[in-house]
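Okay, so here's the structure we're looking at.
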Amino acid sequence: MPRVAFTTLGCKVNQFETEVMEGLFKQRGYEMVSFDQIADVYVINTCSVTHLGEKKSRQIIRRAIRLNQEAVVAVAGCYAQVSPKEIEAIEGVKVIVGTQDRHRIVDLVEQAVTSSCSVNAVTNIMKAEHFEDIPLFEAPGRTRAFLKIQEGCTNFCTYCIIPYARGPLRSRPLASISREAEKLIAAGFKEIVLTGIHLGAYGRDVEGEITLADAVRAVLDIEGLVRLRLGSLESIEISDELIALMKQDDRLCSHLHLPLQAGDNTVLKAMNRHYTLVEYQKLINNIRNQINDIAISTDIIVGFPGETPEMFNNALAFVEKMNFSRMHIFPYSRRSGTPAAEYPDQVPEEEKKRRVQLMQDLAERKAAEFQQKFLNKELTVLFEMESQKNDNIIDGLTENYIRVYASGNKGMQGKSYRVLLQKPYRDGMWGEIVD
Ligand code: SF4
């Protein structure tokens, strides 16, 4: 039995696509092995969102080539899509497939074996018309599953390479969403996370008035679903319908990840983001007024070209007001091919580091304040199978995305319990199971 090993860099969408590709190899009789083992095929699903993502991708590609010179090394994902020539220049790479045609990956690998010459299957992503609907073959034994329902983005934020890697908007048909969600629930998953490159744009490319709320309803209609969580969304795409669904159905988790990206209007404009700070704050307040204890988390880029120290201080002041439950902070990463890469007033790396640290400190304080609100309160925690760090401690997430640790055992994993939150612990809270 031929052996195949995978490594994935980047976002939930990439992780989902790796699982789909793993299924394609399993169906063709390949054995899954871990990436540090000798394999006949190595697949690296790459990321291009930052230059670090690309650097790590190249390092892992070279490691695979060193691990087994005879192996077929196949490179997929965003970096392969935007820079196939760079990948092709790495001696030992046999197959390059970007962000589409992954359904052909096994054939392309076997073609490379028989023809003993490299295969570059990357095509013009801007011409892509349909969502690549590859059914999941086998659902790995976990508690939470990602389900990709949307592809592509046409927002062209000036710092972002993704529209060039992922192409135009494409939505997964509703029937396919129901089919895959049913499969995941039947396989024992307790939480499904809907994900996409531009999730809030779901349905915009489809005839007829289909929206993300329709996709959410399609999954909520499936018997046996315990929890449904939404991946990252643009704040301006949170519809009243979606908020109403969140209020009506407890299974739809009270957590929204709404990238802010900058805390200054001049920077937001230069990023081609389509809201002002006042508009963003109004949106968040409207959601908070309707859904108690909802968690709002966010992404923010610091050190965007032209961001002066005053503008950065505006961002700190705005974030102080917004009380995010969790923040991902990124130093601006210059992506060649994006407009911002050519902007004047690039911020020096040292200064970016200083700003990341200041924003990180603030983010940690705000996260602690958010969790503190639930001290001595009972919340439902879905304990996860994939997270056992030692025999007597289990952990999982609340609906509003607080990581909770408690005394427990393997038999409690994959199940939901009411937990009394008692104290801060690690990156979350410690609690006692009360039911
Ligand atoms: S919305 Fe902006 S940041 Fe998000 S993927 Fe699209 S272009 Fe990139």
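Pick from region 233-242 the residues that are within 16 Å of the ligand (Cβ to nearest atom) and free of Cβ contacts under 8 Å to residues at least 40 places away in the same chain: which of them is least open to solvent (accessible area, probe 1.4 Å)?
Per the criteria, the residue is Leu233.
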**Q.** Number of the exception - Phe156 against (1) within 16 Å of the ligand (Cβ to nearest atom); (2) at negative phi
**A.** (2)
Q: Can you give me the number of residues within region 72-127 that are touching an Asp or Glu at 6+ places or on another chain (Cβ under 9 Å), assigned to a loop (DSSP other than H, G, I, E, B) and buried (at least 20 other Cβ atoms within 10 Å of the Cβ)?
A: 5
Q | Of all residues in region 243-278 being among the charged types (D, E, K, R) and either under 26 Å from Arg403 (Cβ atoms) or in the same structural domain as Leu212 (by TED's automatic domain parsing) (or both), the one that is farthest from the ligand (Cβ to nearest atom) | A | Asp250
(Q) Of the conditions (1) assigned to a helix (DSSP H, G or I); (2) crowded, with 21+ Cβ neighbours inside 10 Å; (3) at pLDDT 95 or above, Ala213 satisfies every one except a single condition; which number is it? (A) (2)
Q) Looking only at residues in region 266-285 that are free of Cβ contacts under 8 Å to residues at least 24 places away in the same chain, over 22 Å from Cys153 (Cα atoms) and not basic (Lys, Arg), which one is most open to solvent (accessible area, probe 1.4 Å)? A) Val278
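Considering only residues that are over 13 Å from Phe383 (Cβ atoms) and over 23 Å from the mean Cα position of the chain (by Cα), look in region 419-431 and name the one that is most open to solvent (accessible area, probe 1.4 Å).
Here the residue is Lys423.
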**Q.** Residue list for region 5-52, restricted to those being under 18 Å from Val97 (Cβ atoms), assigned to a helix (DSSP H, G or I) and of a type in the set (A, V, I, L, M)
**A.** Val13, Val20, Met21, Leu24
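For the structure I just gave you, tell me whether Gly188 is open to solvent by less than 50 Å² (accessible area, probe 1.4 Å) and on the phi > 0 side of the Ramachandran plot.
Against the criterion (open to solvent by less than 50 Å² (accessible area, probe 1.4 Å) and on the phi > 0 side of the Ramachandran plot), Gly188 qualifies.
Determine whether Arg288 is in the same structural domain as Lys352 (by TED's automatic domain parsing), away from the ligand (no atom under 16 Å from the Cβ) and basic (Lys, Arg).
So Arg288 fits the description; yes.
Residues that are open to solvent by less than 10 Å² (accessible area, probe 1.4 Å), in contact (Cβ under 8 Å) with a residue 12 or more places away in the chain and more than 24 Å from Ser48 (Cβ to Cβ): find the strands (runs of 3 or more DSSP E) completely inside region 302-418 holding 2 or more of those.
Qualifying strands (runs of 3 or more DSSP E): 378-383, 393-398, 403-407.
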Q: Check Gly208, Gly203, Gly224, Gly188 and return the single one that is part of a loop (DSSP other than H, G, I, E, B) and within 20 Å of the chain's Cα centre (by Cα).
A: Gly203
Q) How about region 56-98: which of its residues are touching a strand residue (DSSP E or B) at 6+ places or on another chain (Cβ under 8 Å) and of a type in the set (D, E, K, R)? A) Glu88, Lys94
Q. Of everything in region 165-188 that's out of contact with any Ser or Thr (no Cβ under 8 Å at 6 or more places or on another chain) and within 16 Å of the ligand (Cβ to nearest atom), which residue is farthest from Val49 (Cα to Cα)?
A. Ser171
Q) Which one of the conditions (1) assigned by TED's automatic domain parsing to the domain that holds Thr143; (2) away from the ligand (no atom under 16 Å from the Cβ) does Thr195 fail to meet, given that it meets all the rest? A) (2)
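The values are calculated or read from the model by the stated rules, or taken from the named source; none is laboratory data. Worth saying up front: this structure is predicted, and the values here are computed from it rather than measured. Don't worry about glycine lacking a Cβ; one is built from the backbone with ideal geometry, like all the others, and counts go over all protein chains shown. Accessible surface areas use protein heavy atoms only, side chains included; no ligands, DNA or RNA. Shrake-Rupley method; radii C 1.70, N 1.55, O 1.52, S 1.80 Å.
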